[in-house]
Amino acid sequence: MNAVDFSASRAARILRVALAGAALAALGACASLNTVRVHVATPQPAPPALVGAKVQLLADPADAASPDAAVLERAVVDAMTRAGLHPVLGESAPYSARYSFGVYLDFEASFPSAWPPPSPPVVLPDGSVIYRGWPIWGPRWIWPPPWYERTLRVEIRRLDSGAVVWSSGAVLGSYDERLAPVAGLLADAVFSGFPQASGRRLLRVQLP
């Protein structure tokens with residue numbers, strides 16, 4: 001092999017390595033874009049008697065009347081089942097679990113009163129670049145869309161006394177206000193670490 005052929009071969013190998021590295025970096029970037037942070041708060045661990053117990057599932061009236069009622073209910077049922085509980089509908093049980101989904105506009109995140117902005121720059125679908133809550137000057141001042149907090153709260157009580165024996169809540173911030181696409185994610189976050197997990201914690205979850 002002469003010097004020219006060797007140099008060409010070496011250059012080709014370097015190019016292949018560079019392309020492979022770029023592909024891996026792109027995959028990593030895509031994965032990070034699909035990763036969301038869910039804040040979970042569980043005041044205390046579940047009592048031993050609740051583990052594996054039959055629990056009557058009750059929806060908040062707003063959730064029961066929602067067009068997505070079946071999706072929300074299924075998300076909670078599946079998460080409870082994976083956690084080792086036995087949710088039942090329309091049956092008597094020693095415990096009841098009431099769940100409540102919600103969507104709230106976060107005014108401070110949408111229109112913050114202090115610098116620096118609460119997040120890195122975001123590229124919107126139309127190509128505009130913004131800081132969350134702060135406009136970026138382009139052809140005109142571009143304000144970001146509203147920032148929402150999508151939440152789920154579950155509270156389990158003893159039916160005989162009405163006492164709360166376990167509760168947990170999860171919050172996911174997003175520009176999207178729809179609940180149905182993340183109902184399962186929120187439900188799994190609420191029951192994450194059941195029955196021992198407690199306190200405030202941050203979960204990093206991959207979107208489907």
Condition set among the polar types (S, T, N, Q) and assigned to a strand (DSSP E or B), scope segment 160-198, selection nearest to ALA97 (Cα to Cα): answer is SER167
With the first residue restricted to segment 69-90 and required to be assigned by TED's automatic domain parsing to the domain that holds ALA46, and the second required to be of a type in the set (S, T, N, Q), Cβ contacts under 8 Å at 6 or more apart or on different chains are LEU72/SER66; PRO87/GLN56; PRO87/THR81; VAL88/GLN56; LEU89/GLN56
Hey, any hits in segment 105-118 for a residue that's farther than 22 Å from PRO195 by Cβ, in contact with an Asp or Glu (Cβ under 9 Å, 6 or more places away or on another chain) and modelled with pLDDT of 85 or more? yes
Exactly one of ASP160, ASP188 is surrounded by 13 or more Cβ atoms within 10 Å (Cβ to Cβ), assigned by TED's automatic domain parsing to the domain that holds ALA53 and under 19 Å from VAL88 (Cα atoms), and that one is ASP188
Residue count, segment 54-80, condition buried (at least 16 other Cβ atoms within 10 Å of the Cβ) and in contact with a His (Cβ under 7 Å, 6 or more places away or on another chain), comes to 1
Expected output for segment 149-167 (first residue under 18 Å from VAL51 (Cα atoms) and at pLDDT below 95, partner among the hydroxyl-bearing types (Ser, Thr, Tyr) and assigned to a strand (DSSP E or B), Cβ below 6 Å, 6+ apart or cross-chain) is LEU159/SER96
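Working carefully through the options ARG157, ARG201, ARG153, find the one that is part of a strand (DSSP E or B), closer than 19 Å to GLY84 by Cβ and not aliphatic (A, V, I, L, M). Lay out the reasoning, then the answer.
Working: ARG201 fails: closer than 19 Å to GLY84 by Cβ; ARG153 fails: closer than 19 Å to GLY84 by Cβ.
Selected residue: ARG157, the only one of ARG157, ARG201, ARG153 that is part of a strand (DSSP E or B), closer than 19 Å to GLY84 by Cβ and not aliphatic (A, V, I, L, M).
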Output for Cβ contacts, cut-off 7 Å, separation at least six or different chains, first residue in contact (Cβ under 8 Å) with a residue 40 or more places away in the chain in segment 50-64, second assigned to a strand (DSSP E or B) and of a type in the set (D, E, K, R), reads LEU58/ARG98; ASP60/ARG98
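The values are calculated or read from the model by the stated rules, or taken from the named source; none is laboratory data. It should be emphasised that the depicted structure is a prediction, and the values quoted were computed from it without experimental measurement. Note: ideal-geometry Cβ built from the backbone for every residue, glycine included; neighbour counts use all protein chains shown.
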